[in-house]
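*Asks:* Next up is a structure, given as structure tokens.
The values are calculated or read from the model by the stated rules, or taken from the named source; none is laboratory data. Predicted model only: the values in this text are computed from it and were never measured. As a convention, Cβ positions derive from the backbone with ideal geometry for all residues, glycine included, and neighbour counts pool all protein chains shown. For the accessible areas, the whole protein counts, side chains as well, though only heavy atoms, and no ligand, DNA or RNA atoms are used. Shrake-Rupley method; radii C 1.70, N 1.55, O 1.52, S 1.80 Å.
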Amino acid sequence: MANSIIAGTPWMRIRVIPEISFPILRSSSSIYNHKVSFLFPTRRRFSVSAIASTEKEQVRVRFAPSPTGNLHVGGARTALFNYLFARSKGGKFVLRIEDTDLERSTKESEEAVLRDLSWLGLDWDEGPGVGGDYGPYRQSERNSLYKQHAEKLVESGHVYRCFCSNEELEQMKEIAKLKQLPPVYTGKWANATDDEVQEELAKGTPYTYRFRVPKEGRLTINDLIRGEVSWNYDTLGDFVIMRSNGQPVYNFCVTVDDATMAISHVIRAEEHLPNTLRQALIYKALGFPMPHFAHVSLILAPDRSKLSKRHGATSVGQYREMGYLPQAMVNYLALLGWGDGTENEFFTLEQLVEKFSIGRVNKSGAVFDSTKLRWMNGQHLRALPSDKLNKLVGERWKSSGILAESEGPFIEEAVLLLKDGIELVTDSDKVLSNLLSYPLHATLSR
């Protein structure tokens, strides 16, 4: 049987590569309306691969933080790469708030994330405070959309109600563990009759919505950073998309959001790579086109473990309070896994937009070196126009109580004399104090 295109747009098509004869396939004259009917619970065996088209596409990327804490430098770099890719392609940079974790999400955290992104200069084209044609841009405001698409999946047979109790699910895990098998759902309710389902509904038994995963086959994507990545379906059991309390699960929300917001490229951290299998199945079941995927490596600590609070400052807000310049943070974060192919390490945001290419992002982990960040901040500090540098340092000296004025000839002469010894604005306190306390008269009178 020839390869079949089952879904697509001008920028992405999903190809099904049949591995056995499929009599239930029904052709259509248009590749964009070509549909596949599944006869559940028939065993299904096929592979899916995402194929980029050479046709012109509108680039739309998104950064989707959870407002459960401060903006981590890893998240800031992901936002930066999305921003640079969008700007370099003349596309749109969308900001979406993933606040479905109602217990941990706070308005204060959301405001802090927005403040840090603005401080870095990563202005978004659509999102909170800006609006846009694809809103709302907070997941907590999109519940009706998730329920609508969940019902579509139930009607098409891709999703079924599961009435298993927590105790039953735990027992399944224990049995799988004893048999040394993956802890996947056994599919108890996958083949239930209508009468069995109606009986549980009449009793008011709580239920979840589970996605029906093909029993055989594989998914293959061409990751823009990592190349070809594949997963076998038999590593994944039928998974939950809606909890018994009616709340949608992360992978379902993300897929519906990216699809309905017409996101063309998903650039995110490599820790999300395993989520791609579930999301690809949901894309296909809903008839949505798959975006391009690019999974960025983690930022590592000097000991090559994942960067965390135990290694010191890790949030953008902390570095802002320590006196770092936004342009230095942007420059340094861009170099964590990317380079323009030269030995140049000094870039403005505008130069990064001009130079950036997703193809030059390294798939290996990048080590966060606070010493180099400090050095880079000094480079950007001294690259400021003299009037801006004088104003920045002068205001620091006045606010710290070293001087009574923040401008004037003395400020200008002192900054000119001392700037080579300053890497952070806060360093200026010590170098000026050392200068003013130097026993010049005593030294000259000896």
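*Asks:* Mind checking whether some residue in the stretch 78-87 is in contact with a helix residue (DSSP H, G or I) (Cβ under 7 Å, 6 or more places away or on another chain), part of a strand (DSSP E or B) and either at pLDDT 95 or above or closer than 28 Å to LEU224 by Cα (or both)?
*Replies:* Filtering the stretch 78-87 down to residues in contact with a helix residue (DSSP H, G or I) (Cβ under 7 Å, 6 or more places away or on another chain) leaves 79-80, 84-85, 87.
Cutting the leftovers down to part of a strand (DSSP E or B) gives us none.
The answer is no, given that none of the residues of the stretch 78-87 is in contact with a helix residue (DSSP H, G or I) (Cβ under 7 Å, 6 or more places away or on another chain), part of a strand (DSSP E or B) and either at pLDDT 95 or above or closer than 28 Å to LEU224 by Cα (or both).
*Asks:* Consider THR186 against the criteria (1) assigned to a helix (DSSP H, G or I); (2) open to solvent by 70 Å² or more (accessible area, probe 1.4 Å); (3) of a type in the set (Ser, Thr, Tyr): it satisfies all of them except one. Which criterion is unmet?
*Replies:* The single condition THR186 does not satisfy is (1).
*Asks:* I'm trying to understand the selection: among the residues of the stretch 232-260, which are buried (at least 18 other Cβ atoms within 10 Å of the Cβ) and within 20 Å of VAL296 (Cβ to Cβ)?
*Replies:* ASN251, VAL254, THR255, ASP257, ASP258
*Asks:* Further question on the same structure: Can you pull out every residue in the stretch 269-321 that is within 23 Å of VAL254 (Cα to Cα), part of a helix (DSSP H, G or I), in contact (Cβ under 8 Å) with a residue 24 or more places away in the chain and not hydrophobic (A, V, I, L, M, F, W, C)?
*Replies:* The answer is GLU270, GLU271, ASN275, THR276, ARG278, GLN279, TYR283, LYS284.
*Asks:* If I go through the stretch 189-225 residue by residue, how many of them are touching a residue at least 12 places away in the same chain (Cβ under 8 Å), in a loop (DSSP other than H, G, I, E, B) and either among the polar types (S, T, N, Q) or touching a Gly at 6+ places or on another chain (Cβ under 6 Å) (or both)?
*Replies:* Here the count works out to 2.
*Asks:* Quickly run through the stretch 86-111 and pick out the residues that are open to solvent by less than 10 Å² (accessible area, probe 1.4 Å) and within 27 Å of VAL367 (Cα to Cα).
*Replies:* If the condition is that a residue be open to solvent by less than 10 Å² (accessible area, probe 1.4 Å) and within 27 Å of VAL367 (Cα to Cα), then ALA86, PHE93, LEU95 are the ones that fit.
*Asks:* I've got another one for you. When both residues are 6+ apart or on different chains and their Cβ atoms are under 7 Å apart, which pairs have a first residue that lies in the stretch 238-258 and is outside any loop (DSSP other than H, G, I, E, B), and a second that is surrounded by fewer than 17 Cβ atoms within 10 Å (Cβ to Cβ)?
*Replies:* ASN251/ASN275; VAL256/LEU145
*Asks:* Tell me which residues, restricted to the stretch 341-354, are touching a Ser or Thr at 6+ places or on another chain (Cβ under 8 Å) and charged (D, E, K, R).
*Replies:* Here is the first cut: in the stretch 341-354, the ones touching a Ser or Thr at 6+ places or on another chain (Cβ under 8 Å) are 353-354.
Correct list: GLU354 only.
*Asks:* Among the residues of the stretch 88-108, what is the count of those that are modelled with pLDDT under 90 and among the basic types (Lys, Arg)?
*Replies:* 1
*Asks:* Can you work out which of the residues in the stretch 126-160 that are among the charged types (D, E, K, R) and surrounded by 16 or more Cβ atoms within 10 Å (Cβ to Cβ) is farthest from THR78 (Cα to Cα)? Working first, answer last.
*Replies:* Taking the stretch 126-160 and keeping what is among the charged types (D, E, K, R), we get 126, 133, 138, 141-142, 147, 151-152, 155.
Narrowing further to those that are surrounded by 16 or more Cβ atoms within 10 Å (Cβ to Cβ): 126, 138, 142.
Values: GLU126: 17, ARG138: 19, ARG142: 24 Å.
Among residues in the stretch 126-160 that are among the charged types (D, E, K, R) and surrounded by 16 or more Cβ atoms within 10 Å (Cβ to Cβ), the one farthest from THR78 (Cα to Cα) is ARG142.
*Asks:* Tell me, which helices (runs of 4 or more DSSP H) wholly within the stretch 330-446 include 3 or more residues that are open to solvent by 60 Å² or more (accessible area, probe 1.4 Å) and touching a Phe, Trp or Tyr at 6+ places or on another chain (Cβ under 9 Å)? Even if it seems obvious, please write down each step before you answer.
*Replies:* Working: elements: 349-355, 370-382, 386-399, 409-418, 427-436, 440-445.
Correct list: 370-382.
*Asks:* Pick out the one residue from ASP195, ASP223 that is closer than 30 Å to ASN362 by Cα and among the acidic types (Asp, Glu). Lay out the reasoning, then the answer.
*Replies:* Working: ASP195 fails: closer than 30 Å to ASN362 by Cα.
It is ASP223.
*Asks:* Another question about this same structure. So the check is Cβ under 6 Å with 6+ separation or different chains; which pairs have a first residue in the stretch 125-144 that's part of a loop (DSSP other than H, G, I, E, B) and a second one that's of a type in the set (A, V, I, L, M) and surrounded by 15 or more Cβ atoms within 10 Å (Cβ to Cβ)?
*Replies:* Filtered contacts from the stretch 125-144: TYR134/MET261.
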